Amino acid sequence: MKKLYILLFPFLLAASCGKKDDDQPTDKLPPATMTGANTFGCLVNGEVWLPHTGSIWDEALNVKHDRGWVGCDQLAIGVKKITSTNVNIYQTFNINVWCPVVGANTTSPSNGIFIDFEDCGNYRVDTLSPHVVNITKLDTINFIASGTFYFTAINDDCLDTIRITEGRFDVNSHL
């Protein structure tokens, strides 16, 4: 029996780790915290959007706070959501803020926010509409960044527009 337990332990551990992601509510946004909780969420056209891959092997949230850039830092947040039983069908958000500061940080289509939805593909920020990443905490010692965001994104190929509202993140790039 002991040998069976030792053989099954890695699988039980993997199952328990994977279960944690499933226990998080999928119908509401995470709280707006500033502790480095590694949370991300927003409303896409009024519907809750949370990163989720359903796998402990595939990261739903990837954060990089790079202090090695000449003249300023770079904060990059990448999130992924599997939207089908086929793991190759997913949606992603990438938010990049060059020289981040506490307060409003404007973005541009070339270095700000990139969205890829499987229906239409790549979206870009509509610079004619309000678009802000508001950083509420930027701790460069502990690598914690928290904030909110909103913007409108457009896809010229599909002639589609999506509205991103009530966006929030609380990330720790040191974990």
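Here, each number is a calculation from the coordinates, and none is a lab measurement. It should be emphasised that the depicted structure is a prediction, and the values quoted were computed from it without experimental measurement. So basically every Cβ, Gly included, is an ideal-geometry build from the backbone, and we count neighbours across all protein chains shown.
In region 133-175, which residues are of a type in the set (A, V, I, L, M), surrounded by 15 or more Cβ atoms within 10 Å (Cβ to Cβ) and farther than 18 Å from Tyr123 by Cβ?
To start, the set of residues in region 133-175 that are of a type in the set (A, V, I, L, M) comprises 133, 135, 138, 141, 144-145, 153-154, 159, 162, 164, 171, 175.
After this cut, where a residue has to be surrounded by 15 or more Cβ atoms within 10 Å (Cβ to Cβ) as well, the list is 133, 135, 138, 144-145, 153-154, 162, 164, 171.
Matches in region 133-175: Ile135, Leu138, Ile144, Ala145, Val171.
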- Message: Going by what's in this entry, would Phe143 be described as aromatic (Phe, Trp, Tyr) and in contact with a Cys (Cβ under 9 Å, 6 or more places away or on another chain)?
- Response: no
